[in-house]
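Right, one structure below, let's go through it.
The values are calculated or read from the model by the stated rules, or taken from the named source; none is laboratory data. These figures come from a predicted structure and were not determined experimentally. Methodologically, a virtual Cβ is constructed for each residue, glycine included, from the backbone with ideal geometry; neighbour enumeration extends over all protein chains shown. Note: accessible area is taken over every heavy atom of the protein model, side chains too, but ligands, DNA and RNA are not part of it. Shrake-Rupley method; radii C 1.70, N 1.55, O 1.52, S 1.80 Å.
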Amino acid sequence: MSIEPALAVVPAACVGLRGRGARLRSVIAGGSILLLAAPASFSTAAGDVMQDFAIRRLSHIPAIASAPAVDSVPFSSSRTRSMSFMIYTSAKHLAAADRRSSLRLVAPVLLGIIAALGPQPSAADETFNYDASKPMQFFNAGDTGNCNGCSWIAAEGTIQRDTPEVFRQFLAKGRDGYDIRFNSPGGDLTAAMRLGEMIREENLHSRVGKTSGTLDADGRFINTIEGGWDPGHCASACVLAFLGGVRRHAEGGELGLRQLLDPEPSKEPKARTASEPVRAADQAMMGSLIDYVLRMDASPRLLALAASTRGKVRWLTRQEVVDLGIEISWKYASPMTVEPFGGGGAYVEIFNRSLFVNFRLRLYCRGDASIVHLAMIPNWKYDSGTFEQTMRDIMTERQVFLVSDHGRRSYPFKLVALDASPLGPQTTGQIVGATMADLEAAKRIEIDYDRIGKVDSETAMGLEFDLAGDRRKIGIVARSCVK
């Protein structure tokens, strides 16, 4: 079955982009994008010809010709060889007539190019099934989709002394996604801790799973369209590397603890036990392990549990994953503080850190305790124009949820204002129908992700937070509403 190339002109806001640079983000804020997708059998050369032609041809369309920028970027990773790419322009959204014109101008010639070049066979891909007993390797993986969770880093194999260097080289070539999925029986303790530190520096999210799919010819990308991830395991030293994630999630039976032993035991255990230098080295290692676990925001009790296993793997239950501080998917909100407004009234302030963004969040009532407002101030480097549009998109027909011991209740989230503040742009929304008493009874605020694009949802993650600390502070604020 042959697949013809597909073309469409869409508003740039409909397409989620990450890591394309500030210039591109500012260009697409009010622009349009021409999406092209060709069969996976096309060669890179064929794709380049299509791409170059389309850029030149689009420059003759009146709505685009006067725009200061027309360029293109891959829409899917080039490693997938899907030949999907975008041509974006800073021109405003194309009118219907211009859309028809663009397709009429571009499509026939592209079809001619396709007929002339024909499908080009690519190097044979192979089914990916890595042996976890081999040294750990890292691969970009995903189904080429434009969503959160569609791409990740596969970490497969046994952690060796040189694994941190292997990971450094992998990062230098470029990574896809923010998740790292482990499938490993363990390995070198010191290397595992260094790997965890690198994962923390990269702001990655740790999961467990064995990646399956098709490995491309250059051996770096696993296409998971006909795969995905299967249940995997992360045991012994792998758990230390797993702790590096700024967010971490594991189900019961995925993480295994075992006595953390020196990888090079002596052939004379009795002599080794009596050796003062060796005993000092063991104590130093235990000190390093405790320090590392504490820095990774986990409980050192997991080390005591590992020491009690007597050489057998102890698979953790889901509750143990939570109790040992390994699960930190939502532990990012600072305890609430009560702060005064300059002109009267008070608000509760929370600093919330998500995987992608940080927010300073302020909850208060206006007029009386039946009108609840949430003010959101970004705490990262941003493009003000892009940020404003992102917040408008997030706040359009949105629901928020107050989660309490009695369940999860939804409320409309209404945009009230987009203002400048001394700390940066401030977005204010009203949680319609909620009262300060409802807020005081809640443990957490969540937001729905329906119809939110990939980039916008990464920002929206920063608007989900725990109401940590003494919630009676909300009651204090309720008696000091802003006039």
#### Entry: Answer from D419, D383 - the residue that is out of contact with any Pro (no Cβ under 6 Å at 6 or more places or on another chain), acidic (D, E), closer than 26 Å to H205 by Cα and open to solvent by 50 Å² or more (accessible area, probe 1.4 Å)
D383
### Query
From the set of residues in the stretch 453-483 that are at pLDDT 85 or above, among the charged types (D, E, K, R) and assigned to a helix (DSSP H, G or I), which is farthest from G345 (Cα to Cα)?
R472
## Note on the structure
Sole miss for E197 among (1) surrounded by fewer than 23 Cβ atoms within 10 Å (Cβ to Cβ); (2) modelled with pLDDT under 90 is condition (2)
### Query
Got a number for residues in the stretch 376-400 being among the small types (G, A, S) and within 13 Å of I445 (Cβ to Cβ)?
0
### Task
Given the conditions (1) modelled with pLDDT under 95; (2) closer than 15 Å to L361 by Cα; (3) open to solvent by 20 Å² or more (accessible area, probe 1.4 Å), report the number of the one that D450 does not fulfil.
(2)
## Note on the structure
Only one of (1) free of Cβ contacts under 8 Å to residues at least 60 places away in the same chain; (2) open to solvent by 40 Å² or more (accessible area, probe 1.4 Å); (3) at positive phi does not apply to G469, and that is (1)
#### Entry: Any hit, the stretch 180-193, residues being crowded, with 20+ Cβ neighbours inside 10 Å, out of contact with any strand residue (DSSP E or B) (no Cβ under 9 Å at 6 or more places or on another chain) and either under 18 Å from R258 (Cβ atoms) or hydroxyl-bearing (S, T, Y) (or both)
yes
